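Scroll down for the structure; my scribbles are underneath it.
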């Protein structure tokens, strides 16, 4: 995988943010929008080009009456035929805005207590939120909500906010009860039938949304802050991991290479990525087709023995999971439109996505972030669910001083299936690029593992991380080639990196 530092800039004033929130940034998968939450308002920024800083476009209407309310986290997904942004508030309020046109409010809902986690499943129009009431709400609109484009205000407009015209949520609400403490994170599986939750009661749970049952619970010794579904089909075989035995730790502009983490070598980097290479990168279209055929061919009998006796009859069917919940824009162009000069040097961490592997498991795994560690869990193996773990995943030292990371939280997890990596960030301001791989050992054909490939930024940020988001710039460059990683810090600093597949015929630097 090639890592290129694009820019470091400033996007908001430090006094505009509030510390100790969850992920306060998101990005559109259809349009060039970067979404940022500041205090009680959601701000939308336009991305003119992925190599340049997003520019402010609009501030969305806050429908409540509180003067001191605060957003705890946001998420972007599709509701109905429209892309939407969801924000959850300290007051318990949940608001959905349409992420197009004049950004009108679709609906709002007042919950019981401070709400922290939120997730959207686009195919089923489902929204999941979690709160300090120790409950998870599953929201399903009964019909398309009506709204007016006038339900919008921008920073440039001087007018009173009309909260009387905001539509209330109309639909079914189902609650999942079982956690014994606050629930900072929820995630929906790509098929929409399962939900995972992380709680500071030190448990990770998996729920069936078909009957609202808790089908998997795992107890940890640390508070659990984040959880995501990941799918082994996208993991990279060991044979694709290339290591240079002569490599030493190299400090570069935008990343740190460490041979002990399985990195090859990272060269000095310019400010503009190379998007005009001679060889074409891996295209994942064929993989998606192979996956669809392979999963369709799998019978339910293959799953029946995966769970322990208490959930042996809970057959997990993820035939709709080939895209892992990521919606490809069918109207996006596959041609390279980025332009720009070629980069004089790129950083290659020696990690290439597979183009031929077939899925060895149809069931998903759970990726979990705790106070300092990342864990990979297999809910199909209740006897020994921990598949792999990385202790102090975002630490740059094997033996960090505890005082350097007081009360740290690994709350930022972004799954990037097209690159077979997870971006993991902590409040301490450090980010790890974690590779997900499958063992090529014939004795352990289904062994999955994680490996830290690099840490970002190049030097310790020494400031709290505010948001981590992966922007897929389909309008600028073919999606299978690269994504843009945007790191936002509490002082308003924004750092951008391009992450792209290594070319199969490319020699290792």
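General remarks:
- Scanning the stretch 85-95 for residues that are farther than 12 Å from residue 129 by Cα and not in a loop (DSSP other than H, G, I, E, B) gives a single hit, 85.
- Residue match in the stretch 103-112 (condition: within 24 Å of residue 228 (Cα to Cα) and either assigned to a strand (DSSP E or B) or over 23 Å from the mean Cα position of the chain (by Cα) (or both)): yes
- Screening residue 124 against (1) part of a strand (DSSP E or B); (2) touching a residue at least 40 places away in the same chain (Cβ under 8 Å); (3) farther than 18 Å from residue 484 by Cβ leaves a single unmet condition, (1).
- Selection within the stretch 48-59 - at pLDDT 95 or above and either over 13 Å from residue 99 (Cβ atoms) or buried (at least 23 other Cβ atoms within 10 Å of the Cβ) (or both): 53, 54, 55, 56, 59
- Residues in the stretch 194-235 that are farther than 22 Å from residue 174 by Cα, touching a helix residue (DSSP H, G or I) at 6+ places or on another chain (Cβ under 9 Å) and part of a strand (DSSP E or B): 230 only.
- In the stretch 1-66, counting only strands (runs of 3 or more DSSP E) that sit wholly within it, the ones holding 2 or more residues that are touching a residue at least 60 places away in the same chain (Cβ under 8 Å) and within 20 Å of the chain's Cα centre (by Cα) span 2-10, 25-27, 33-38.
- Across the stretch 421-435, the number of residues qualifying as more than 15 Å from residue 499 (Cα to Cα) and either assigned to a strand (DSSP E or B) or at pLDDT 95 or above (or both) comes to 1.
- Scanning the stretch 94-103 for residues that are modelled with pLDDT of 95 or more and over 18 Å from residue 27 (Cβ atoms) yields a count of 2.
The values are calculated or read from the model by the stated rules, or taken from the named source; none is laboratory data. What you see is a predicted model, and the numbers here were worked out from it, not measured in a lab. Positions of Cβ are generated from backbone atoms using ideal geometry, with glycine treated the same way; all protein chains shown enter the neighbour counts.
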